[in-house]
Amino acid sequence: MSLPSEDRLRRVVITHVTPEIEGGRYAVKRVVGESVTVEADVFLDGHDHLACELQYLAPNSREWSAVRMDPLPNDRWRGSFTVLEQGRYRYRIEGWPDPFETWRADLKKRVEAGQDVAVELLVGAELVREAAARAEGPDRQRLLDRAGALEKDWDTTLRVSVGLEQALSELMARYPDRSRSTLYDAGQEVVVDRERARFSTWYEMFPRSASPDPSRPGTFDDVIARLPYVASMGFDVLYLPPIHPIGRTGRKGKNNSVVCFEDDPGSPWAIGSALGGHKAVHPELGTLADFQRLVAAARDHGIEIALDLAFQCSPDHPYVQEHPQWFAHRPDGSIRFAENPPKKYEDIYPLDFNTEDWQALWQELRSVVEFWIEQGVRIFRVDNPHTKPFAFWEWLIGSLKPKYPDLIFLSEAFTRPKVMYHLAKIGFTQSYTYFTWRNTKHELTEYFTELTQTEVREYFRPNLWPNTPDILHEYLQTGGKPAFIARLVLAATLGASYGIYGPAFELCINAPREEGSEEYLDSEKYEVKHWDLETSASLRHLIARVNKIRRENSELQSNAGLRFHNTDNEAIIAYSKSGRDGTILTVVNLDPHHTQSGWVELPLGDLGLDEHEAFMVHDLLADGRYTWHGAWNFVQLDPHVLPAHVFKVQRRLRSERDFDYYR
């Protein structure tokens with residue numbers, strides 16, 4: 001075997017870097033103002049000291065910034081930096097032997113052992129002079145002065161004090177010898193988004209069902225009139241299903257019937273007709289100018305409009321005539337409609353992303369997104385992205401984000417876990433989850449521990465939906481109003497981003513199409529609805545209170561800090577989120593039918609509480625205040641009154657005067 005190359009002689013080893021997604025292939029995610037904490041195993045042979053540095057490159061910057069990493073036990077090192085702008089940051093780690101700190105530590109040991117250190121002081125002086133040669137400005141002379149002091153015929157104690165002074169150590173650290181450094185750079189990146197990528201509250205509604213007049217379908221103007229209602233509940237994203245012309249061929253009737261009558265409006269997801277395709281609006285809704293007014297009006301209410309991005313076509317879509325090569329054909333020459341056996345979608349043609357003309361198709365679809373960006377839209381909910389090539393989404397999102405860094409893409413992919421995670425890795429900002437189907441204490445605890453306490457948290461931002469136009473879970477079908485409230489509280493407090501499909505949710509619509517189905521009876525996907533928003537049975541005021549709690553308590557605006565707590569009743573789940581402003585503790589009765597009671601255990605020390613002192617919990621939902629003592633405390637929740645507590649854990653009580661303050 002030949003001798004190793006010069007590069008192989010570098011002594012420092014850097015490995016097991018976190019966060020790092022698949023060796024740096026994919027980026028981790030943050031929002032502006034958050035920190036990126038990087039750890040790595042860093043070590044070298046022998047007993048010499050080493051130095052380690054975390055380096056990062058901001059978007060549009062040519063100069064790397066650096067922070068020293070701190071040693072942890074067992075050769076682990078940690079460093080952090082804060083991301084201050086949207087875009088892509090890069091980060092890497094550099095480590096090198098530190099002969100001066102090695103010399104300094106050895107000098108101290110020799111002095112403590114009573115050894116003669118005269119020669120050692122000269123060694124130190126030489127190291128300082130070498131650093132002076134690398135230094136700039138006044139630091140160079142300061143280093144030369146100290147080197148001279150180490151060499152002078154002064155009292156040894158005085159010379160030793162010069163060598164051991166902290167100021168000299170800090171000065172030397174500015175000008176290290178990196179000639180034998182090891183640089184770990186696997187291309188690690190951080191995608192930095194705006195705050196709404198982390199914390200958002202979505203409301204979904206069909207514009208055609210916004211009309212106050214039962215004799216006609218709704219328009220964009222009706223949606224504008226509905227904005228105060230949506231804003232009053234505290235939502236900041238209004239998501240609209242497709243707003244494009246709807247095809248006639250294969251149009252579905254009520255309840256997804258293949259029999260369609262003249263007045264059946266069809267599914268908005270059957271996009272395209274002679275009136276236009278993905279860049280057109282349905283004329284019954286209004287004009288493009290009307291839509292632009294809606295976007296502006298929503299903004300005035302603190303709401304962003306999110307549009308559905310469904311890359312599929314009605315048989316009547318202009319693409320079918322203009323670009324038949326963009327669709328898959330059967331042997332008889334007919335175009336294959338969409339199927340997910342046993343389901344059939346006779347009103348939809350899927351696009352063939354593997355067509356020989358794929359480049360033109362991909363460019364056209366990108367132009368669709370840019371068209372709506374030009375209308376003021378920055379948030380897109382993407383329909384079934386897992387049925388299109390991963391490479392397409394990585395290219396599409398990757399090509400748009402540099403120009404429009406405030407874009408947010410929500411992945412509606414109810415599919416296998418690894419597929420969902422991969423979509424997040426390749427660029428989707430947020431993702432639908434399995435929350436809808438996680439209803440027991442064990443299911444919720446296991447799933448959200450995975451989402452928030454494993455590597456998944458670095459790239460997968462969950463957006464929790466108790467219901468959608470496609471999904472009415474059995475829990476809501478059978479649990480009545482208490483089930484809706486419980487799922488609302490769970491979604492709003494477990495996740496920093498959540499959404500509801502309304503007004504079906506706040507009105508507790510829970511009739512399935514048939515037993516065992518998750519489809520709604522008389523689904524709004526296939527007919528125009530006229531909702532009674534003023535009914536006293538509506539949850540709108542409770543939803544508004546929940547969203548107000550989210551806005552006023554920063555602990556609920558992130559998925560970090562989520563921790564589950566022991567309860568002695570499996571029907572009761574308890575968890576907390578802690579942050580700079582304190583702790584929010586949520587307790588939910590998962591049984592929508594019966595009152596449940598039990599004991600909840602809190603880790604008092606971790607929450608800054610003393611086990612020997614009382615403390616206050618303030619129920620932000622019902623505005624009740626309770627004095628608790630010790631780690632275990634009793635709760636009782638009647639689902640027909642309120643199936644949940646959302647407690648603000650208050651500071652400890654030290655006197656009767658403190659208790660008066662909380663009362």
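Over segment 253-299, what percent of the accessible surface lies on carbon and sulfur atoms, probe 1.4 Å?
58 percent
Structure shown: which of K388/K425; K29/K648; K254/K343; K254/K344; K481/K648 lie over 19 Å apart, alpha-carbon to alpha-carbon?
Working: K388/K425 15 Å; K29/K648 29 Å; K254/K343 16 Å; K254/K344 15 Å; K481/K648 25 Å.
Over 19 Å Cα-Cα: K29/K648; K481/K648.
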### Query
Can you list residues whose amide H is under 5 Å from Y184's amide H, if they're 5+ apart or on another chain and H is modeled 1.01 Å from N?
I93, E94, G95
### Query
Once amide H atoms are built 1.01 Å from N in the peptide plane, which residues 5 or more positions from V31, or in another chain, come under 5 Å H to H?
D193
### Message
Stokes-Einstein diffusion coefficient for segment 479-585 at 4 °C in a medium of 1.567 mPa s, Rh from the Kirkwood formula over Cα pairs: what value in µm²/s?
### Response
82 µm²/s
### Message
Below 8 Å, C-alpha to C-alpha, sequence gap of six or more: please give me the relative contact order for the chain in percent.
### Response
10 percent
### Task
Would you mind listing how long segment 98-198 runs along its three principal axes, going by Cα atoms, in whole Å with the largest first?
64, 33, 27
### Message
Rounding to the nearest 10 and keeping the result within 0 to 90°, find how far the Cα-based axis of helix 138-151 lies from the longest principal axis of the chain.
### Response
40 degrees
## Note on the structure
I408 neighbourhood, Cβ < 12 Å, K/R = +1, D/E = -1, net charge +3
### Task
Collect residues whose amide H, placed 1.01 Å from N in the peptide plane, falls under 5 Å from the amide H of F327; neighbours closer than 5 in sequence don't count.
D352
### Query
If the cut-off is 18 Å between C-alpha atoms, which aspartates and glutamates fall inside it for K108, apart from same-chain ones fewer than 8 positions away?
D48, D98, D116, E120, E126, E151, D155, E165, E170
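How high is the FRET efficiency between A360 and K254 when r is their beta carbon distance and R₀ equals 41 Å, given to the nearest 0.05?
Rounded to the nearest 0.05, the efficiency is 0.60.
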### Length gained when the stretch F371-T15 is fully extended (0.36 nm per residue, less Cα-Cα span)
123.7 nm
### Query
What GluC sites (Glu not before Pro) in segment 529-593 are in a loop by DSSP, with at most 11 other Cβ atoms within 10 Å of the Cβ?
E534
### Task
Please work out the FRET efficiency for the pair E63 and E443, using the Cβ-Cβ distance as r and a Förster radius of 56 Å; give the result to the nearest 0.05.
0.70
### Reach of K548 by Cα under 17 Å, taken over aspartates and glutamates that are not fewer than 8 positions away in the same chain
D236, E506, D581, D619, D623
### Task
Highest first, please rank the peptides 221-229, 597-605 by the mean number of other Cβ atoms sitting within 10 Å of their residues.
221-229, 597-605
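Within the accessible area of segment 510-605, what % is carbon and sulfur when the probe is 1.4 Å and the other protein chains stay in place? Can you show the working numbers first?
Numbers: 1900 of 4240 Å².
After summing per-atom areas, the C and S share lands at 45 percent.
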### Summary
In whole Hz, the Karplus estimates of ³J(HN,Hα) for segment 280-294 (6.51, -1.76, 1.60; θ = phi - 60°; x where Gly or Pro) are 10, 10, 4, x, 5, 7, x, 10, 4, 4, 5, 5, 4, 5, 4
### Query
Put a dot 7 Å past each Cα toward the Cβ at K343 and A511; how far apart are the dots in nm?
2.2 nm
### Message
Just the number please: accessible area per residue for segment 88-233, 1.4 Å probe, all protein chains included, in Å².
### Response
46 Å²
### Query
For the chain, what Kirkwood radius comes out of the mean inverse Cα-Cα distance, in Å?
28.8 Å
### Query
With the Cα gyration tensor of segment 477-528 giving a ≥ b ≥ c as the square roots of its eigenvalues, does the rule (a/c under 1.5 for rounded; else a/b larger than b/c for prolate; else oblate) give rounded, prolate or oblate?
prolate
#### Entry: Two-decimal ratio, segment 280-323, of alpha-carbon radius of gyration to 2.2 N^0.38 Å
1.51
#### Entry: Between segment 441-458 and segment 335-371, the alpha-carbon center distance in angstrom
34 Å
### Summary
By the C-alpha gyration tensor axes a ≥ b ≥ c (rounded if a/c is under 1.5, else prolate when a/b exceeds b/c, else oblate), the shape of segment 220-288 is prolate
### Summary
Stokes-Einstein D for segment 330-389 (4 °C, 1.567 mPa s, Kirkwood Rh from Cα pairs), in µm²/s, comes to 94 µm²/s
### Query
Q321 versus D406, label points 7 Å from Cα toward the beta carbon: distance in nm?
3.8 nm
### Projected-area average for segment 14-152 over all orientations - Cα convex hull basis, square nanometres
11.2 nm²
### Task
Output ³J(HN,Hα) for segment 119-129: one whole-Hz value per residue in order, computed from phi by the Karplus curve 6.51 cos²θ - 1.76 cosθ + 1.60 with θ = phi - 60°, and x for Gly and Pro.
5, 4, 5, 5, 4, x, 4, 5, 4, 5, 5
### Computed helical MRE - 222 nm, the chain, DSSP H runs ≥ 4 contributing -39500 (n - 2.57), nearest 500
-8500 deg cm²/dmol
### Principal axes of segment 245-360: Cα extent on each, largest first, Å
53, 38, 25
### Task
Equivalent ellipsoid semi-axes for segment 385-543, as square roots of 5 times the alpha carbon gyration tensor eigenvalues: give them largest first, rounded to whole Å.
29, 19, 15
### Task
Give a residue-ordered list of calculated ³J(HN,Hα) values for segment 534-550 (Karplus: 6.51 cos²θ - 1.76 cosθ + 1.60, θ = phi - 60°; whole Hz; x for Gly, Pro).
8, 4, 5, 7, 5, 8, 4, 6, 5, 4, 4, 5, 4, 5, 5, 4, 5
### Query
Between T387 and R330, what FRET efficiency follows from the Cβ-Cβ distance if R0 is 22 Å, with the result rounded to 0.05?
0.70
#### Entry: Sequence of R550, R196, R299, R10 from largest to smallest accessible area, 1.4 Å probe
R299, R10, R196, R550
### Query
For Q141 and D522 in one chain, what is 0.36 nm times their gap in residues minus the Cα-Cα distance, to one decimal in nm?
128.8 nm
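The values are calculated or read from the model by the stated rules, or taken from the named source; none is laboratory data. This structure is a prediction, so every number in the text was calculated from the model and none was measured. Backbone-built Cβ (ideal geometry, glycine too); neighbour counts: all protein chains shown. Quick note on the areas: whole protein, heavy atoms, side chains included, nothing else; ligands and nucleic acids left out. Shrake-Rupley method; radii C 1.70, N 1.55, O 1.52, S 1.80 Å.
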